[in-house]
Structure formats: C-alpha cells, structure tokens
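The values are calculated or read from the model by the stated rules, or taken from the named source; none is laboratory data. Bear in mind the structure is a predicted one, so any value in this text is a computation, not a measurement. Note that we place each Cβ from the backbone using ideal geometry, even for glycine, and neighbour counts take in every protein chain shown. For the accessible areas, the whole protein counts, side chains as well, though only heavy atoms, and no ligand, DNA or RNA atoms are used. Shrake-Rupley method; radii C 1.70, N 1.55, O 1.52, S 1.80 Å.
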Amino acid sequence: TATNVENKTESGESRRDFLLLATSAVGAAGVAGAIWPFVDSMNPSADVLALSTTEVDISQIEEGQSVTVVWRGKPVFVRHRTAAEIEQAAKDDSASLVDVQKDADRVQKPEWLILLGVCTHLGCVPLGQKPGDPKGEFGGWFCPCHGSHYDTSGRIRKGPAPLNLAVPPYAFLDDENVKIG
Ligand code: FES
C-alpha cells in the first residue's frame, strides 16, 4: 500500500510526493477543463465568433414554412411568415417583441421570423404543430414537455414558460441568405 512504500525507503517518500504532485496537476487540469468552455463563451475571440455563425439559404423557404437550423448546437427556427401572421404580430403587440424589433433587418423584412428554438421554461424544443392538430389550427409553437404555447411570433401565450422565445443575433447578407450569429 502507499503507507508501506512510504515507510520503507527514501525513494518511497519521493514517490509519494510525486504521486501527490501528479494528482494535483490532474486536478488542476480537470478544473481548468471545466471552466475553460464557460470563460471562452463569455469572451469569444473574433475567430471563434466567425466559426460560430450559420448561413441559411432562405430562397427555398415558402410562405408559411419554417426550417430549423443548428447554431452553436442549438436549434434556430427560420420562418417565412404569412401576411396574416405579420398583421397579427403588428396588431397584438407586446413589450418584449417591440424590443427585438429594434433590429433594423427585422423591421425591413417583417416576412422573416428568426427565433431560438429553445423553450424558456426548461429548454425543450417546441414543436411547430401541436399533436392532435393536423390542420395546424393551433398556430405558433407548442412545447411538448409541459405544454407551453408560443404564438406565431414566438410570444408566450400559455406557461409555464415565462418568456417569449429568444431572438438570436442575425443579419441578412442579401435577399437570399441570412447569417445567424
Ligand atoms: Fe417547455 Fe417546460 S420545457 S414547457
């Protein structure tokens, strides 16, 4: 055992010291490994930011259709809104939606809705259709985990989710491409 080694010889003693040192080094590396991704995500370099963008060709997404793309490992909904949805969004205002509309691109292209597909309750991915509603009369997004409902603009209509779906940073590169991130 370690105690026997320690008691027997000088070299046993130094071996124990080595083992202690090695253990500390592994411990420190383990902690650094756990902290690094967190620190890195708080202070990303320009290279990391460039790599973490996702470009989406929106030319094939028809009115009334949504596609889901992955950005930084998370789902992002890109929806080509119908005229009725745009009208409804303008009529039925909410403070948090007004905030996100400060984005000039969004005001210029109201037909595009871009949302993080992560429920603001506990992070499940909301569905574009409620099960048992084949005609899509429900509208918006339904979270299968605890039943939250977001309207066609991603605004919360029924909890337990406390907030609207978040809007990721995005910019239109031209009429056919949008960059998320
Ligand atoms: Fe969506 Fe709970 S995670 S309602």
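Some observations on this one:
- Positive minus negative residues near H80 (Lys, Arg vs Asp, Glu; Cβ under 11 Å): -1
- Once the Cα-Cα distance is subtracted from the 0.36 nm per residue extended length, the T53 to V70 segment shows a gain of 5.2 nm.
- With 0.36 nm allotted per residue and the present C-alpha distance subtracted, the T82-C145 stretch has 19.9 nm of extension available.
- J(HN,Hα) series, segment 60-68, from Karplus relation 6.51 cos²θ - 1.76 cosθ + 1.60, nearest Hz, glycine and proline x: 9, 8, 7, 3, x, 9, 10, 10, 10
- Per residue accessible area of segment 118-174, 1.4 Å probe, in Å²: 50
- For segment 113-122, the Karplus equation 6.51 cos²θ - 1.76 cosθ + 1.60, evaluated at θ = phi - 60°, returns couplings of 10, 10, 9, 6, x, 10, 4, 7, 7, 10 Hz by residue, with Gly and Pro reported as x.
- Highest-first packing order for the peptide set 145-154, 73-82 is 145-154, 73-82, based on the mean count of other beta carbon atoms within 10 Å.
- Label-to-label distance for K179 and C124 is 3.6 nm, based on points extended 7 Å past Cα in the beta-carbon direction.
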